[in-house]
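See structure below.
The values are calculated or read from the model by the stated rules, or taken from the named source; none is laboratory data. Since we're looking at a predicted model, the values are computed, not measured. Cβ coordinates were reconstructed from backbone atoms using ideal geometry, including for glycine residues, and neighbour counts include every protein chain displayed.
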Amino acid sequence: MRKILTALLLLLSLGSMAQNARQILDAAAAKVKQMGDVKASFTATAFNGTTEQASTKGTMLLQGKKMHLSTDDVKIWYNGKTQWSLIPESGEVNVTTPTEPEMASTNPYSFINLYKKGYKMKVRTTKLRGKDTYEVHLVARNDRNSVQEIYIDVAKNDYTPLCIRVRQDNNWNRISIHSLHGNQHFTDTAFEFPKSEYPNVEIIDLR
């Protein structure tokens with residue numbers, strides 16, 4: 001009887017953790033949407049297992065699903081359907097139609113569309129860069145999901161997302177967000193590849 005009661009209490013505890021995690025992410029998603037157009041500064045780091053492979057700093061413009069990312073190594077424009085990826089040294093821009101899981105490795109706010117679809121979740125409190133945070137851990141229910149794990153660190157005081165970590169196979173991508181400026185006003189052209197600015201770049205359509 002005691003074992004049964006213990007198991008029931010554990011299930012209730014896990015259910016409460018999942019509910020709280022969902023509420024936190026709902027609040028974080030609402031926070032992002034309320035900010036309107038956003039300009040963010042970030043550091044993106046790629047890992048193989050626990051070994052750091054590369055790191056870069058940059059800025060990002062966000063408008064709903066649309067995104068423009070700019071670093072010294074790569075520039076990405078995404079208009080909500082089509083993505084243009086430019087590595088200046090290569091002299092080429094690749095044109096693709098990324099899936100939501102593929103967007104998760106570059107857009108820290110893609111969790112807004114991902115977390116409601118097929119993930120178990122739990123939450124714990126911790127600190128990040130001196131701030132009290134909620135760390136929400138999501139694990140895919142389906143082994144075939146290309147994004148198996150996600151960690152989302154959210155500030156406790158105002159539900160601002162501070163860091164997103166995404167695992168695909170044994171590779172992790174971490175995007176640490178350092179500053180956010182909401183209520184910006186971007187035109188649609190900010191999220192599309194400006195051909196006139198790169199007249200000598202070869203466009204490779206991979207769609």
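Okay, residues lined up against (1) over 14 Å from L25 (Cβ atoms); (2) at pLDDT below 90; (3) within 20 Å of the chain's Cα centre (by Cα):
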residue	(1), (2), (3)
T97	yes, no, yes
H137	no, no, yes
E149	yes, no, yes
D158	yes, no, yes
N170	yes, yes, yes
F193	yes, no, no
V201	yes, no, no
Residue check for K81: exposed (fewer than 15 other Cβ atoms within 10 Å of the Cβ) and of a type in the set (K, R): yes
Complete set of residues in region 31-87 that are touching a Lys or Arg at 6+ places or on another chain (Cβ under 6 Å) and not in a strand (DSSP E or B): N79, G80
Total residues in region 27-56, condition of a type in the set (D, E, K, R) and closer than 15 Å to L162 by Cα: 2
Some residue of region 100-118 being within 22 Å of I150 (Cβ to Cβ), assigned to a strand (DSSP E or B), in contact (Cβ under 8 Å) with a residue 24 or more places away in the chain and not hydrophobic (A, V, I, L, M, F, W, C): no
Unmet requirement for Y119, which otherwise passes all of (1) surrounded by 15 or more Cβ atoms within 10 Å (Cβ to Cβ); (2) over 18 Å from the mean Cα position of the chain (by Cα); (3) at pLDDT below 90: (2)
Within region 156-183, tally of residues that are closer than 20 Å to D37 by Cβ, of a type outside the set (G, A, S) and exposed (fewer than 14 other Cβ atoms within 10 Å of the Cβ): 4
Positions within region 184-199 being outside any loop (DSSP other than H, G, I, E, B) and surrounded by 10 or more Cβ atoms within 10 Å (Cβ to Cβ), in sequence order: Q184, D188, T189, A190, F191, K195
